[in-house]
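Taken together, the values in this text are just the output of simple stated rules run on the coordinates, not laboratory data. All figures in this text were calculated on a predicted structure; none of them were measured in a lab. Positions of Cβ are backbone-derived with ideal geometry, glycine not excepted, and every protein chain shown enters the neighbour counts.
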Amino acid sequence: METEHLDIVAEYLRLTREVLPQMARDNARGWPVVNDHCFQRIVLDHVCGGTWYDHLERPAYKHLTPAQAIQAVRLAEEIAQGRADLHEMNRQSLIWRGKLR
């Protein structure tokens, strides 16, 4: 991976491993998830348009294309800024996984 791509992936990981879980714990946002792996699931499922592991090898962050990494960062930022509906994104992710109808 090129340095710029690695930096974008690192930002995705920082947002989903640190920023979003901390925001979920600190604020009374009423978010449906608080754990890093849940934020990663939701973001990656939306980047892939379905269950991420049907589209990416594991570990997913090592297999993101540059465009996917940029989209993942944008989605995570939108969640953090309150511009994305995390409840709906989680619901759709669970539907793709067959856990909700």
(Q) Calculate the FRET efficiency for L6 and R74 from the Cβ-Cβ distance with a Förster distance of 22 Å, rounded to the nearest 0.05. (A) 0.80
Q) What ³J(HN,Hα) values, in whole Hz, does the Karplus curve 6.51 cos²θ - 1.76 cosθ + 1.60 give for segment 58-67 when θ = phi - 60°, with x put for Gly and Pro? A) 8, x, 4, 4, 7, 10, 5, 6, x, 5
Q) Can you give the extra length, in nm with one decimal, that the chain gains between I95 and Y53 once fully stretched, where that is 0.36 nm per residue apart less the Cα-Cα distance? A) 13.7 nm
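Could you list L64, L100, L13 so that the one with the fewest beta carbons within 10 Å of its beta carbon is first and the one with the most is last?
Ordered by Cβ neighbours within 10 Å, fewest first: L100, L13, L64.
Arranged from highest to lowest average of other beta-carbon atoms within 10 Å per residue, in what order do the peptides 23-31, 79-87 appear? Don't skip to the answer; put the middle values down first.
Working: 23-31: 12.1, 79-87: 14.6.
Output ranking for 23-31, 79-87: 79-87, 23-31.
Neighbouring Cβ atoms within 10 Å as the yardstick, rank W96, W52 fewest first.
Neighbour counts put them in this order, fewest first: W96, W52.
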Q: Could you rank the peptides 15-21, 2-8 by their average count of other C-beta atoms within 10 Å per residue, with the highest value first?
A: 15-21, 2-8
Q: Kindly write out, for segment 29-38 in residue order, the coupling ³J(HN,Hα) from the Karplus curve 6.51 cos²θ - 1.76 cosθ + 1.60 (θ = phi - 60°), rounded to whole Hz, with x marking Gly and Pro.
A: 7, x, 5, x, 9, 9, 8, 4, 5, 6
Q. Under the Karplus relation 6.51 cos²θ - 1.76 cosθ + 1.60, θ = phi - 60°, what is the ordered set of whole-Hz ³J(HN,Hα) values for segment 84-101, x standing for Gly and Pro?
A. 10, 8, 4, 4, 5, 4, 5, 4, 5, 4, 5, 5, 4, 8, x, 9, 9, 10
Q: Could you point to the label whose value was computed as Rg/Rh (Cα atoms, Kirkwood Rh) for the structure here, given [x] 0.95; [y] 1.14; [z] 1.08?
A: [x]
Q.
Could you tell me the relative contact order of the chain? Use alpha-carbon pairs under 8 Å, at least six residues apart, and round to a whole percent.
A. 33 percent
